[in-house]
Structures are given as structure tokens and as C-alpha cells.
């Protein structure tokens, strides 16, 4: 089992993904490409599995970090206020 991510690690992940160009990523049967906002080629991967992985992780990282933070805040709220457990905030 891995250790829980620290707040610093979450911040670093969030900063990292914000500084990666949004793309578009294109993935086909033979390779994947990342292009900048002006259409310039930024990355060309000749392993379509890696391209698909990078594209998916780029799209998923910010929502995953936000969900971890939301769940931690909810856990802290319920821990600090046991009455909240009787009237929980619905989890999405």
C-alpha cells in the first residue's frame, strides 16, 4: 500500500498539470501527438498506449486532485463535528 499524498504533493501535481499545454492530444493506431495552441508539435510518441495514458492523465489529474481535497474536507468536517455524521453531506 502506498502512503497518502501530502498536501504539498497534491499542490505539485496541480501545478505540474496546469503548466502542461492542454493540447489537443491526438492518438491513433501508431502514435500520439501533443500540439500547442498554434498547432505546433510539442510531443510525438510512437507508442499509442503511452499517448493515450498521457492524454487521459492530463484530463483526469485536476479533477482527481479536487476530489481528494473535497473528500479530505468532508472527512475533517465530520471528524470535528460528530453531529454531521447524523446529517451527512451527500457524497457525489
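No value in this document is a laboratory result; all are computed from the given coordinates. Predicted model only: the values in this text are computed from it and were never measured. Cβ coordinates were reconstructed from backbone atoms using ideal geometry, including for glycine residues, and neighbour counts include every protein chain displayed.
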Next item on the list: Springs between alpha-carbon atoms under 10 Å, Gaussian network over the chain: tell me which of 75, 34, 45 tops the mean-square fluctuations.
Entry: 75
Next item on the list: Arrange the following residues from fewest to most other Cβ atoms within 10 Å of their Cβ: 33, 12, 80.
Entry: 80, 12, 33
Note to self: Report the gain in length on full extension from residue 28 to residue 3: 0.36 nm times residue separation, minus Cα-Cα distance, nm rounded to one decimal.
What the structure shows: 5.5 nm
Note to self: Between 0 and 90 degrees, rounded to the nearest ten: what's the tilt of helix 48-80 against the longest Cα principal axis of the chain?
What the structure shows: 10 degrees
Note to self: For percent of Cα pairs over 15 Å apart, pick the label among [x] 69; [y] 55; [z] 78 that corresponds to the value derived from the coordinates.
What the structure shows: [x]
Note to self: Nearest 10 degrees is fine. How inclined is helix 7-18 to the longest principal axis of the chain, computing both from alpha carbons?
What the structure shows: 30 degrees
Next item on the list: With an 8 Å cut-off on Cα pairs and a minimum separation of 6 or more residues, tell me the relative contact order of the chain in percent.
Entry: 19 percent
